[in-house]
Amino acid sequence: MARYVYDFAEGGRDMADLLGGKGANLAEMTRLGLPVPPGFTVTTEACRAFLATGAEPEGMAQEVARHLSALEDSAGRPLGAPDDPLLLSVRSGARFSMPGMMETVLDVGLTDDSVLGLAKASGSERFAWDSYRRLVQMFGSTVMGVDASRFEEAMTRLKEARGAPDDLHLDASDLAGLTDTYKDLVLDGTGEEFPQSPAEQLRRAVLAVFRSWNGARARLYRRREGIPDDLGTAVTVQRMVFGNLGADSGSGVAFTRDPATGRPGLYGDYLADAQGEDVVSGIRNTVPLAELERLDPRSYRQLRDHMLTLERHYRDLCDIEFTIERGRLWMLQTRVGKRTAEAAFAIAAELAEEGLITPDEALIRVGGQGLARLMFPRFDTSVTGAALAHGIPASPGAAVGAAVFDSAEAVRRAAAGERVVLVRQETTPDDLPGMVAAQAVLTSRGGKTSHAAVVARGMGRVCVCGAEELTVDTENRCFATRDGTVVQEGTVISVDGSTGAVYPGAAPLVPSTVMRYLETGEQSAGVVAAVARALEQADAVRRLEVRANADTPEDAARARRFGAQGVGLCRTEHMFLGERRHLVEEMILARTDGERDRALAALLPLQRVDFTGILAAMDGLPVTVRLLDPPLHEFLPDHTELAVRVAATEARGELPSLRDTELLEAVGRMHEENPMLGLRGVRLGLVVPGLVAMQVRAIAEAVVARVRAGGSPRAEIMVPLVGAVEELRIERAEVERVLAEVSAETGVPLPCPVGTMIELPRAALTAGRIAQEAEFFSFGTNDLTQTTWGFSRDDVEAEFFSAYLDKGVFAISPFETLDRDGVGRLVRIAVDEGRAARPDLKIGVCGEHGGDPDSVHFFHAAGLDYVSCSPFRVPVARLEAGRAALERTGGGARW
Ligand code: PEP
Ligand code: MG
C-alpha cells in the first residue's frame, strides 16, 4: 500500500519529488543534526490523489494521526491541549520553490480553550491572543474561503480606533476582541463557526494546502517558470516555534552569500519579536543580519555555524529561514537559494575555485538566459544626475518605464505596448500579473528577501525594494520623494536594480562589462572573470560547433569575436534591397533574355563584393551562403501604393509612366494568397532563369578573389526550401556547372560543398533520398515549425499565441523553443535517415532555435554537428552547448 506520510527523520534531500523541496530539505537538516522543530511531511503523491478524486487517499488520515501522535509524544503535550497546547504549522512545499504562491496555516491547535492554556504556559496573554487571531485569519481565508480583505479591514479599523501605528501597539484585550470579530466574520461569511477541534483544524488545513496547488496565483507562476502542472505539492506539518515572544525572540531570512552579487558572507534580514511571515511581508522594516550579532551573539554564532555547515553540505548558496524563540535558535527551512545571473556566475566560479565543486559542475550551475541578461547595458551614472531615491538593489539590470501603481494598470499599459515600472509599497502574490508585465518593480518597503525581491529575481525583472525615502500613494497614483518631488502615474523613471538608484526620466545606458569582454576579450575581475571561466569550460567540453547567422562582414566579424566558428546562414535577400532594388525590378520586368542578363550582370559584381567581405571576416572558417529564398514580389513596390499612384496620375488626366504600368502589372501577376507557401526557395531557382547562376558565380568569384589575396575562403552553397530530391538534383547540377566554369576560367579549384536546408516536413521525411544530393543539411526550424504546425508566424503570433499560452496548448511559443514532440521528431527522422544514406553528412540548424538554450540541448541530443544563431546569441549557444554535453537527462537548469 502507498505510503503518504514521512517523519522528518526519515527523508532526505534526494526525495524532493515525493516530499517537496521544503520537506526534503527539512529532513536533510534533521539528519545533519541541526535544530529543526520536529514534524512530518504529507507527500505530493497524496496531493495528486486528492486533487484527482476530491477525497483523501485511503489510509492517509490514519497515517497522519499516527505521526501526530508521535509528535505529541515527543513534545510531551497533545495538539491543542487546553492547559499547554502543542501548536502546528501547516505549509506547502512543492518540488520546485514557488515562493508565496500557495497557502500556509500557522498556529493550528488553538481554540477558545487552548488559547488560555497558551497564555498561561507562555506567560503572555498578548502573545496567545495574537496567535489565535492569526490562526482565525489564516484559517478563515485559506481554508474556509472568507475574503482576506475583511480581516485586514477589521485590523485597520481597530488600529485606527486605538491610534496604534502598527499591530505591536495593540494589547491583549484588543487582540482578544479582534479574535472575536474575526470569528464573527467567519460565521458571517460561511454560516459555520470557527472549528474548535484541533484535529479537524489540522485535517482541513492540510487539504486546503493541497487545493492551493491549483490556485490562480500558483498556476500563473508555474506557467511563467515552466513548472509542470501535475506535480502537486507536499505539506509539511511542524511544531510551531515562536519568534514573537518578546525582544529575545525574532525571525529572519538569510543567505550564505549575497544572492544579488554572489559575494561571500552571510546576508539577510532579521526582525525581532516577529514571526517569519512578518519578515517577508515587509509589514515592518527589518534590520540587516549583522545586527543580530549585537542583539543575540550566541544565536548569531550558532546560525553562522549552521549556515557554513549547510553551504559545505549542499556545496551551493543556501537560503534559510530561522526563528529564535526566547534565545533558542531554530532552523525552519533551507534550500539552494535563487540568485541573480551575476551571482550565479560569481558563485559557481568561486565554489570551483574553493575546490568545493568541479569546473564541470560550475558550468552546469550557470546558464544561457543569465548570460544573455548580463550582456545588457546598464545606466551611465556619470550623466544620470541626482537619484530620486535609493533602495535595496534586489534584482540587477537597468529598466526604464512609466510609473504605474497597481498590477491591473501595469498589465493594461504593457498590453498597449508601453514600458512600465510597477511601484508599490510592497508587493503581494496578487501583484504577480503586474510584475510579469512590468520592466521593473520598485517598492518602498521590504528587504532583499521580500516578496517583490524574491519573485522579481526569479523572473529576471529589475527590482529595487525598500526605497524608504519614497512615500507611495496608491490611491492618488503617485509617489513623493523626501524633498517633496511628486511623481505622478505615467511619468517615466529609470530603475537600476544593480545599485538601487531610481532616476527621473529615461537615463542613458552604457554597455555591460560582460559585453565589452565578449567584444574585445578585455578581462576584468568579478563577474567578467566568472563568465570567461564558464565559457572556457563550455568550449572545452562541448561537441556542438557554434556558427552565426550573418549577412554582412560587420556581423560576421562580431560573431567571430563572440566565438563563432563560421557562418551557418548567410541570407542573401538583404543584398537585393536598398539601391539594388531597381536592378531586381529590371530582372523581373525583363522581356528578353538580353534585358534579364543585363540586370543580372549588374547585380553580379555587387554580390561578389558582399561575399568577399564575409569570407574575409570568416577567413579559414566555413561560410554557408543560402541562395535567394523569398518570393520575388517582396522586392517590388507595394501593390496598393502602386495602384493608388497610377490611379491618381490617371485621375489628373495624365498617363502613368511605362515603368509604373509594367510594375503594377507584374505585381498583380505575381500576387500570391500564401506567399510563405508560394514561389520561393529552390522553386525560384528552378523557374527564374539566370538567378542561381548569377549568385553562384558571385560566390565562386569571391572565393577566387580571396584565394588570390592569400586567404582561406571556405564557402558552402545552401539551397532553401527543398521538398523533393529532384529539386535539389536539378539545382545542384546548375551550381556545379557554374563552379566548374569559374574554376576553368580562373584556374582556381572550387571545392564548395553543396547542401540544403531541411525546412519542410516532406524534406525531413525523405531525408534519406535528399542526402544523396546534399553534402550537408541545415534545419530551417523557422519554416519547419510553420509548416509542421500549419501556421504562418507573422499572422498567428500576435493574433492568438497568448490565448494558446493561457489555455496551455503550449507552455512556450514553438518559435522560441523547439517543439520537441512534433518538429523535433521530424528533425530526428531527418538526422537518422540522412546519416544512414550518407554517414559523413554534416548537420546543423540555422533557425532561431539555434540560439535558444533549451533547443540547443535538444540539438545536442539529436546528434547535430553545429547550431547557428544570431551573433549576440553565440556566447549563449557556446555555454549551453557545453552544458548539454555534460548533461545526462537533456533537461537543462535555468538561472
Ligand atoms: C528557417 O526557416 O529556419 C530559416 C533559417 O530560414 P528563414 O528564417 O530565412 O526562412
Ligand atoms: Mg526558412
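The values are calculated or read from the model by the stated rules, or taken from the named source; none is laboratory data. From a predicted model like this one, the values you see are computed outputs, not experimental measurements. Here Cβ is always computed from backbone atoms with ideal geometry, including for glycine, and neighbour counts include all displayed protein chains. Quick note on the areas: whole protein, heavy atoms, side chains included, nothing else; ligands and nucleic acids left out. Shrake-Rupley method; radii C 1.70, N 1.55, O 1.52, S 1.80 Å.
Descriptive notes on the structure:
- A crude spin-label estimate for the pair Ile812 and Glu152, with each label 7 Å from Cα along the Cβ direction, gives 3.4 nm.
- Accessible surface of the stretch 632-671, 1.4 Å probe, proportion on carbon and sulfur as whole %: 59 percent
- With all pairs of different C-alpha atoms in the average, the Kirkwood value for the hydrodynamic radius of the chain is 31.0 Å.
- Of the accessible area of the stretch 360-517, computed with a 1.4 Å probe over protein heavy atoms only, carbon and sulfur atoms account for 51 percent.
- Taking trypsin sites (Lys or Arg not before Pro) in DSSP loop states with no more than 10 other Cβ atoms inside 10 Å as exposed sites, the chain has its longest site-free stretch at 1-590.
- In plain terms, if you count all Cα to Cα distances in the stretch 250-336 and split them into 10 Å steps from zero, the share in each step is 19, 55, 25, 1 percent.
- Spatial separation of Cα centroids for the stretch 160-224 and the stretch 580-594, in angstrom: 77 Å
- Percent accessible area from carbon and sulfur atoms, the stretch 127-248, protein chains only, probe 1.4 Å: 47 percent
- For the stretch 631-690 versus the stretch 429-488, the inter-centroid distance based on Cα atoms is 53 Å.
- Helical contribution to [θ] at 222 nm, DSSP H n ≥ 4, -39,500 (n - 2.57), averaged over the chain, rounded to 500: -14000 deg cm²/dmol
- Surface accessible to a 1.4 Å probe, per residue, for the residues of the chain, Å²: 40 Å²
- Charge dipole magnitude, Cβ of K and R +1, D and E -1 - the stretch 10-79, Cα centre, debye nearest 20: 220 debye
- Whether the stretch 275-434 is rounded, prolate or oblate, judged on the alpha carbon gyration tensor where a/c under 1.5 counts as rounded: oblate
- In this calculation the C-beta distance from Ser792 to Leu509 is compared with R0 = 41 Å, giving a FRET efficiency of 0.75.
- Per-residue extension of 0.36 nm, minus the Cα-Cα distance of Phe96 and Glu361, leaves a gain of 93.4 nm for this segment.
- Karplus (6.51, -1.76, 1.60) ³J(HN,Hα), θ = phi - 60°, over the stretch 172-189, in Hz, Gly and Pro reported as x: 4, 6, 4, 6, 5, x, 5, 4, 4, 4, 4, 5, 5, 4, 5, 4, 5, x
- About its Cα centre, the dipole of the stretch 112-183 is roughly 60 debye, where the only charges are +1 on Lys and Arg Cβ and -1 on Asp and Glu Cβ.
- Only one residue of Gly824, Pro814, Gln425 has its Cα farthest out toward the positive end of the dipole of the chain, where Lys and Arg carry +1 and Asp and Glu -1 on Cβ, and that residue is Gly824.
- Here the stretch 5-239 yields Rg over Rh of 0.98, to two decimals, using C-alpha coordinates and the Kirkwood radius.
- By DSSP, the beta bridges lying fully in the chain are antiparallel in about 65 percent of cases.
- Long-range lysine pairs (8 or more apart or interchain), the chain, Cα under 24 Å: 5
- Each Lys and Arg adds +1 at its Cβ and each Asp and Glu adds -1 at its Cβ; summed about the Cα centre, the chain shows a dipole of about 1800 debye.
- Anisotropy class of the stretch 377-511 from Cα gyration tensor, a/c 1.5 cut: rounded
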